[in-house]
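To start, the structure itself, in structure tokens.
Derivation of every value follows stated rules applied to the coordinates shown; laboratory data play no part. Model, not experiment: these values are computed from the prediction. FYI the Cβ positions are ideal-geometry reconstructions off the backbone, even for glycines, and counts take in every protein chain you see.
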Amino acid sequence: MLARIAAILDAVEGSAASASELARRSGLSVSTAHRLALSLVEYGFLRRTQGGDFQLGHRFVRTALENAALPVLTRLRDETGETAQLWLRRGDDRICALSVDSQQELKATLPVGARVALPAGSSGGILARVPEALEELERHGWVESVAKRTPGLGSVSVPVESGGQLIAAVCLAVPLTRVQASPGKDFGEQVRAAAERIGSELDSSGQG
């Protein structure tokens, strides 16, 4: 199995490839190449282009993603005073790739590398493509969660897209004692702007 996975990854190292091209380059059958490629997409080793081809995924460009996201998350934290995070999907979980913690004594925080089962939380709904979350995203431009996962805490999240693909979610985590209307109404536009800046930076750097 590992040899087949390595063959698939080698096949897209130079350029994107369709399932049939993957099969030709790797020496595997089309059905096997396609099945393995879809599994690798799920775990972030490959991604799909808008045309449906496969290329190396965001596990291989994580440094570029983090470099683009860190200053944006820091600015978001400074503007809002709240903890700003970047979440990625990993199978049935989401993992915290970056966290810029609030400097206030009462704050919401999770360490980098923390895993949370999907679809819990506002970013979990986005990364798991939960229909209700996608509808909320369509209506407002953000998805919020109010004490659904952790009592006393709320969050608002927006997807990061690059090259037309969902690659991550920006989340602002907020103690509800500092929320005026709701996490989304208070901070949604700032989170949306941050997610768009990260996506634009990735696109301009050629990582989209």
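A few points about this structure:
- Per-q log10 I(q)/I(0), the chain, q = 0.16 Å⁻¹ (Debye; single scatterer per alpha-carbon; no solvent): -0.98
- Value at 222 nm in deg cm²/dmol, rounded to 500, when DSSP H runs of n ≥ 4 in the chain each add -39,500 (n - 2.57): -13500 deg cm²/dmol
- When the alpha carbon coordinates of the stretch 112-208 are projected onto the principal axes, the ranges are 41, 28, 26 Å, largest first.
- Considering only TRP87, SER102, VAL146, and ranking their Cα positions along the charge dipole of the stretch 85-151 that arises from unit charges at the beta-carbon of Lys, Arg, Asp and Glu, the one farthest toward the positive end is TRP87.
- Full-extension gain in nm, ASN67 to ALA114, via 0.36 nm per residue minus C-alpha separation: 15.0 nm
- Placing unit charges on the Cβ atoms of the charged side chains and taking the dipole of the stretch 2-56 about its Cα centre, the candidate lying farthest along the positive direction among SER15, THR32, THR49 is THR32.
- Normalised contact order of the stretch 1-157, rounded percent, pairs of Cα under 8 Å and 6 or more residues apart: 12 percent
- For the pair the stretch 53-110 and the stretch 143-208, the centres of their Cα atoms are 10 angstrom apart.
- Remark: the THR49-VAL130 segment gains 27.0 nm on full extension, using 0.36 nm per residue and subtracting the alpha carbon distance.
- The stretch 2-56: relative contact order as a whole-number percent, Cα under 8 Å and 6+ apart: 37 percent
- In this Cβ point-charge picture (+1 for Lys and Arg, -1 for Asp and Glu), the chain has a dipole of about 540 debye about its Cα centre.
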